[in-house]
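Values in this text are rule-based calculations from the coordinates and carry no lab data. As the structure is a computational prediction, the values presented were derived from the model and not from experiment. Neighbour counts are summed over all protein chains in view; Cβ atoms, including those assigned to glycine, are modelled from backbone coordinates with ideal geometry.
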Amino acid sequence: MTKLKIGDEWWTAPAEGDDGTLVMVTGRAGVDAVIESGRFNDRVEVTWKYASEGTGGMPDDATARLMEQVDMALRKEFERDAVAVMTGIYTGGGERNWVFYVSSLRSFQYRFNHALEAFEMLPLTIYAEHDPQWNEYREMRSQTEIMDGE
């Protein structure tokens, strides 16, 4: 089986959360081959809720640094074994959400746990949904991507 070409270009844009607070959305470009493969039909959202009083809805510095370490561990793990593709990161309103499209929920669970085994217990919740049309990704992209030349 040929290896999928997965882009590693990202964009970040501000958006408004459901409660009117600022949410920074980071999305991944270059996933057309992944979508077209038809193998990544389930969406997994990993949520980390944090205290945001006095920070404008954003994490404090210590939490932001830890989240960045988690983010790097997840990226490294899923670059090595592409059972999942991280497509978006939402931060604001007291939570960070990582969005993945996965080919196997069981393999994702194994790799996810492996990626985070060096960390103490983290306040994460995980939600999975069948999304073969990549609706969440398409909506995020249409609402936040900064077009070339802007």
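The table below gives the values:
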{"quantity": "Residue order, fewest to most beta carbons within 10 Å, for His130, His114", "calculated": "His130, His114"}
{"quantity": "Mean separation of Cα contacts under 8 Å (6+ apart) over length of the chain, as relative contact order %", "calculated": "32 percent"}
{"quantity": "222 nm mean residue ellipticity, helices alone, for the chain (DSSP H n ≥ 4; -39,500 (n - 2.57); rounded to 500)", "calculated": "-9500 deg cm²/dmol"}
{"quantity": "Anisotropy class of the chain from Cα gyration tensor, a/c 1.5 cut", "calculated": "oblate"}
{"quantity": "With at most 13 other Cβ atoms within 10 Å, longest stretch of the chain clear of loop trypsin sites (Lys or Arg not before Pro) (DSSP)", "calculated": "6-150"}
{"quantity": "Neighbourhood net charge (14 Å Cβ-Cβ; Lys/Arg +1, Asp/Glu -1) for Leu124", "calculated": "-3"}
{"quantity": "Built amide H within the under 5 Å cut-off of Asp42, gap 5+", "calculated": "Val102, Asp131"}
{"quantity": "Furthest towards positive pole of dipole, Val102, Met58, Ala82, structure part the stretch 18-131, Cβ charges", "calculated": "Ala82"}
{"quantity": "Student exercise, the chain dipole from Lys, Arg, Asp, Glu Cβ charges, in Debye to nearest 20", "calculated": "660 debye"}
{"quantity": "Inter-label distance, nm, simple model (7 Å from Cα along the C-beta direction), Lys5/Glu117", "calculated": "3.4 nm"}
{"quantity": "For the stretch 61-76, Karplus couplings with θ = phi - 60° (6.51, -1.76, 1.60), whole Hz, Gly/Pro x", "calculated": "4, 5, 5, 4, 5, 5, 4, 5, 5, 4, 4, 5, 5, 5, 4, 4"}
